[in-house]
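Q: Below: one structure in structure tokens.
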């Protein structure tokens, strides 16, 4: 009889249990510490086209500004010709980065200036209506530095309004940056978001689309953190 009691006591002592409160605590920690941040991150990534694209209105302007970069395409440039025919702008300024541009869809030749002139002439834009600006040797293709660098040209030419031509997924970042730098000197800025080759519902289906949107998400956040917009 004594042996039975001792055995029972021994078996009961080996059983371990977790308090219900600790279990729910771990579940809450998993939910708020992992599941919720993961879902928020995924929602932010998949909804990126909604906040990367500028949905405001654009207006007629004295000058249409285009930063030439690897997002510029010949298809987008065709809409520049339509804007000119509708007298949306009087002049167009093409901004070249200081390093050799990598976009072969626009720059077919070794001479960027000649290639641009050829493209614009094909759009029926007279040569006296466009100007090619070259950035100094600073940060390549930086929208922030380009917008600041335009101030001298704008003041010297008494320009009062700009229409920025850019890829739609750059448009929100671009207009915020230009307005931050140019609004204090009285320049009205709007943006024309040129249609991208990537649709809202297909960009995540191909590697190139994921790379494109991911790059712009990073730049958008970087500009926010640095106070560029």
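Q: What is the fewest-to-most order of 89, 218, 165 by other Cβ atoms lying within 10 Å of their Cβ?
A: 218, 89, 165
Q: Apply 1/(1 + (r/R0)^6) to the Cβ-Cβ distance of residue 114 and residue 55, taking R0 = 35 Å, and write down the FRET efficiency to the nearest 0.05.
A: On the way: r = 37 Å, r/R0 = 1.05.
That pair, residue 114 with residue 55, gives E of 0.45.
Q: Please rank 175, 132, fewest neighbouring Cβ atoms within 10 Å first, as an exposure proxy. All intermediate terms of the calculation are to be shown ahead of the outcome.
A: Working: 175 23, 132 15.
Placing the least packed residue first, the sequence is 132, 175.
Q: In nm, give the distance between the simple-model label positions of residue 158 and residue 224, each being 7 Å from the Cα along the Cα-to-Cβ direction.
A: 4.2 nm
FYI, it's all coordinate maths here, none of it is from the lab. Note that the structure is predicted; figures quoted are calculated from it, not measured. Here the Cβ is made from the backbone with ideal geometry for all residues, glycine too, and neighbour counts use every protein chain on show.
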